[in-house]
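> Quick one: this structure, given as structure tokens, is what I'll be asking you about.
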Ligand code: GDP
């Protein structure tokens, strides 16, 4: 399953945020969440299209798609050198597909800050440095293993790899992350198995007090300025307030509370949608009377690969796919109507599945 890791210094609000996510199930029936390990939760991705499809198809059940969220606590200064349980946490990060970096942007004298003052830009740099340091180790180890052989051989891939490793090394030595190093397609291919920590897509969550949730504050502005070249999304969330909202009994109460804060949607729900986007994921649907279901696939998947998300047999025995666009389905109201109107296309192995496609796979068993 695809996984997002929550990272950040101690006391910035990671577990509060994680708990909000785990309480999100209380906010709406469309948010089932279960904790599979103390720090791992599975959360469904809210999708209005499923609601619409349910209305039209009236299936026996509706199954949304999910993303896993891991709370990676314990990342501190010196982690890359084994400080605290540092190395274990870094190993946890390596397994994730994307990073949610929580930054403390709230002032509260009752909550101590590990470095004595509120400075989210410094905090971000502390975490980045630890991750870059670890990546530098990875790159140096790989250079040691491959450089000599690459020089001696004619293997263009090996030569390319060494060249990129040096570019990475330089970036880390200058306090930059791997994601700032731009690679050509060939370079991406030869470095695919490095799995660098600082190459993972990242999103910043500025954790603020209730009063700053709409307009932000000077800490949020500082973060915005610091990451402006990273092309990364910044979300403002009041984790503590959201955790209080999650405890209210009814949906109406919770909605009222949110609206009083000036919000239409909970930060948690925004976070889930952003995480999905960050992971470069898209959704296709299957819409039968038994089950209407959302399936997650990587942007760019062809029809057989997308079919493989349902079952490997679907991929192996793939014959063709019948595709209806979501908007057309909603407009005409049913599969039959789409078929009769000639709006169902028959696609082969090369078809690149699009977000929102309603798919029907034909396959041999
Ligand atoms: P973690 O170490 O990053 O997991 O941090 P926690 O989630 O345990 O939060 C540390 C402390 O900060 C707890 O006492 C929280 O109640 C408090 N806290 C978290 N978010 C906020 C916030 O937005 N505002 C305020 N005032 N306190 C917060």
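> Quick check on the chain: of the DSSP beta bridges with both residues there, what percent are antiparallel, nearest 5%?
Taking every DSSP beta bridge within the chain, about 55 percent pair in antiparallel fashion.
> In deg cm²/dmol and to the nearest 500, what is the mean residue ellipticity at 222 nm of the chain if only DSSP H runs of at least 4 residues count, each as -39500 (n - 2.57), divided by the residue total?
-13000 deg cm²/dmol
> Okay, moving on. Please report the projected area of the range 94-137's Cα convex hull averaged over all directions, in nm². Write out the running numbers ahead of the final one.
Values: hull surface 15.8 nm².
So the Cα hull casts an average projection of 3.9 nm².
> Anyone know which of 226, 178, 152 comes out most mobile in the 10 Å Cα GNM of the chain?
Of 226, 178, 152, the most mobile in the Gaussian network model is 152.
> Let me ask another. If you average the sequence gap of Cα pairs under 8 Å that are 6 or more apart and divide by the length of the range 131-198, what percent do you get for the contact order? Please report the intermediate quantities before stating the final value.
On the way: 57 pairs, mean separation 31.5, N = 68.
Once divided by the residue count of the range 131-198, the mean separation gives 46 percent.
> So what is the relative contact order of the chain, in percent, for Cα pairs below 8 Å that sit 6 or more residues apart?
19 percent
> Report the Cα-based extents of the chain along its three principal axes, largest first, to the nearest Å.
Cα extents, longest axis first: 64, 64, 34 Å.
> Please build a GNM for the chain, connecting alpha carbons under 10 Å apart, and tell me which residue among 349, 154, 264 fluctuates the most.
154
> Turning to a different aspect of this structure: Before anything else, pin down the relative contact order of the range 235-365: Cα pairs under 8 Å, at least 6 apart, normalised by residue count, whole percent.
This gives 25 percent for the range 235-365.
> Let me ask you something else. If only Cα atoms are counted, what is the Rg of the range 131-198, and what is its Dmax, in Å?
11.3, 33
Readers should treat all values here as calculations from the given coordinates under stated rules, not as data from a laboratory. From a predicted model like this one, the values you see are computed outputs, not experimental measurements.
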